[in-house]
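What follows is a single structure, written as structure tokens, with notes after it.
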Amino acid sequence: MNDVAKAAALLRAGELVAFPTETVYGLGADARNPAAVAKIFAVKGRPADHPLIVHIPDASHLDRWARDISAAARAVAAKFWPGPLTLILKRHPDVPDCVTGGQDTIGLRVPNHPVALALLKAFAELGSGGIAAPSANKFGRISPTTAQHVRDDLGEGGESGVALVLDGGPCQVGIESTILDMSDERTTVLRPGMLSGFDIGLFLGRMPAEAVNTSSVKTPGSHLAHYAPRTPLLLVPDDTVAIALRTSIGKRERVAVLAPFPAPIEHPLIVAWHVAPADADTYARELYATLRALDAAGADLIIVQRPPWPAAIDRLMRASAGSGP
Ligand code: TXA
Ligand code: MG
């Protein structure tokens, strides 16, 4: 049996499988099996009222999981799936409560990754075809973009609760999907991602609203403290990296820096310096691996120059709010 077939059989047996998607690695369970879904919450340390995204093999599975789906929502699914987009729709009555956190809506996504799609197809032949999966990291911490990140955070086999980690190489998008609420007449971006609300609006012929909330239960990923390193992280506006650096060095703090230019000086207190990529796609693809490296550099403070892109700013603001031991 190859790894994908093995993973599908493990899901069918109620085990957890971590798998790659184009955004981040997910920690998957059979979405129709409440005991399996409960294991996700236990392994992640995630509060039970946080709903999970259900991954499906293609849009033809929509009606098994959602109801009252608008023509506009079907059109968005047809246009942007497979891809880094989660649609929030009214849930089908058969969906277990533990998946939706008891809400009357459900998050659905078709990921654009060959391993994820192969797994979903194999699991649709064996079981429900719906894989409930949050990012495969401990709750509140940095999302994994490689199989090794998952093994570092959660382990694999034995007592870890993760039966298997499928390795599909580094994720190509690098930050989590855009979450678009189309469960009622309003269309709202609940979480920004690399598929922009603007591009969705161009397709729909009207711009979606942007959620302004910072801490709603509806989208717990929007809790202000999230995606966080253990080292305190300071997000600074353009051209103020030098000021922040001088302040820290003045206080004898060791610093690790992410900025779009090389270190202006060599200094024993500058323990790591990553030159940020100049384009949005590369910046997003590398962001979480870079944050992990900066977090591991032994610094007292991580200084990040705020990039010009909304989805990356969103994750960095949450990383900053949640950072620290
Ligand atoms: O790119 C992604 O979306 C990745 C990959 C694995 O697909 N998944 C991911 O899952 O980021 P997670 O659990 O870390 O974040 C999912 C977000 C959470 O903030 C959750 O609250 C929200 O989606 N969500 C899920 N169902 C929802 C619902 N019915 N209504 C509102 N928000 C929902
Ligand atoms: Mg997450």
Alpha carbons only, please: Rg and Dmax for the chain, in angstrom.
-> 19.9, 62
Using the alpha-carbon centroid of each, what span in Å lies between the range 20-84 and the range 144-216?
-> 10
So, in Å, what gap is there between the alpha-carbon centers of the range 306-325 and the range 272-290?
-> 13
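Could you order W81, W65 so the one with the most accessible surface comes first? Probe is 1.4 Å.
On the way: W81 25, W65 0 Å².
Most to least solvent-accessible, the answer reads W81, W65.
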Highest GNM mean-square fluctuation, the chain, Cα pairs closer than 10 Å: which of I243, I200, I303?
-> I243
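Determine Rg/Rh for the range 68-117; Rg is computed over alpha-carbon atoms and Rh is the Kirkwood hydrodynamic estimate from the same atoms.
Details: Rg = 12.0 Å, Rh = 11.9 Å.
When Rh is taken as the Kirkwood radius, the ratio is 1.01.
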Gaussian network model of the chain, springs between alpha carbon atoms under 10 Å - residue of A122, A72, A133 with greatest fluctuation | A72
Projected area averaged over orientations for the range 1-136, convex hull of C-alpha atoms, nm² | 7.2
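Calculated FRET efficiency, R206 and H50, Cβ-Cβ r, R0 30 Å, to nearest 0.05?
Working: r = 30 Å, r/R0 = 1.00.
After rounding, the FRET efficiency stands at 0.50.
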Kirkwood Rh and Cα Rg combined as Rg/Rh, the range 233-322 | 0.93
Looking at this model, which pairs from K39/K90; K6/K39; K6/K79; K39/K121; K90/K121; K44/K79 are more than 27 angstrom apart at the alpha-carbon?
-> K6/K79; K44/K79
The relative contact order of the range 89-193, taking Cα pairs under 8 Å that sit 6 or more residues apart, comes to a percentage of 17
Here the Cα Rg-to-2.2 N^0.38 Å ratio for the range 132-216 is 1.39
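Roughly speaking, to the nearest percent, how much of the range 233-322's 1.4 Å accessible area is carbon and sulfur? All intermediate terms of the calculation are to be shown ahead of the outcome.
On the way: 2360 of 4240 Å².
C and S fraction of accessible area: 56 percent.
With a Förster radius of 41 Å, plug the Cβ-Cβ distance of K121 and A38 into 1/(1 + (r/R0)^6) and report the FRET value to the nearest 0.05. Please report the intermediate quantities before stating the final value.
Numbers: r = 26 Å, r/R0 = 0.63.
Efficiency computed from Cβ-Cβ geometry: 0.95.
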Could you work out the helix-only [θ] at 222 nm for the chain, with each DSSP H run of four or more residues adding -39,500 (n - 2.57) and the total divided by the number of residues, to the nearest 500 deg cm²/dmol?
-> -9500 deg cm²/dmol
What's the local net charge at D30, with K and R +1, D and E -1, over the other residues with C-beta under 11 Å away?
-> +2
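The values are calculated or read from the model by the stated rules, or taken from the named source; none is laboratory data. For clarity, every value in this text was computed on a predicted model and none was experimentally measured. No Cβ is skipped: glycine too gets one built from the backbone with ideal geometry, and neighbour counts run over all protein chains shown. Areas reflect the complete protein model, heavy atoms only, side chains present, ligands, DNA and RNA absent. Shrake-Rupley method; radii C 1.70, N 1.55, O 1.52, S 1.80 Å.
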